[in-house]
């Protein structure tokens, strides 16, 4: 008894590829650009979320308020650039703090 494999008629010798295969045939430039764009989109999306939270709580309106009894929902988020900085700091885990210049 012998077994034989027959290909379907019409030249369908290629196997179907799953839709989530890694993008191996892409150029290096495109891969690096997509990698960087994923970070930028993530940072911007979460910056919008942080800014909406701070704005809805009133942190943006009371940025320079000296009231002792009022505490901001998110510290040091007063506008969108500071929300973007907060998002990058949070996602890259570089820590929170304030800028201090060394005078040596």
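Read-outs: derived from the displayed coordinates by stated rules, not from any lab. Keep in mind the model is a prediction, meaning the values are calculated, not measured. Note that we place each Cβ from the backbone using ideal geometry, even for glycine, and neighbour counts take in every protein chain shown.
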Going fewest to most other Cβ atoms within 10 Å around each Cβ, 70, 43, 50 line up as 70, 43, 50
Quick note, segment 46-92: a/c under 1.5 would make it rounded; otherwise a/b > b/c is prolate and the rest oblate (a ≥ b ≥ c, C-alpha gyration tensor); here it is prolate
Dividing the mean separation of Cα pairs under 8 Å (6+ apart) by the residue count of segment 46-92 yields a relative contact order in percent of 50 percent
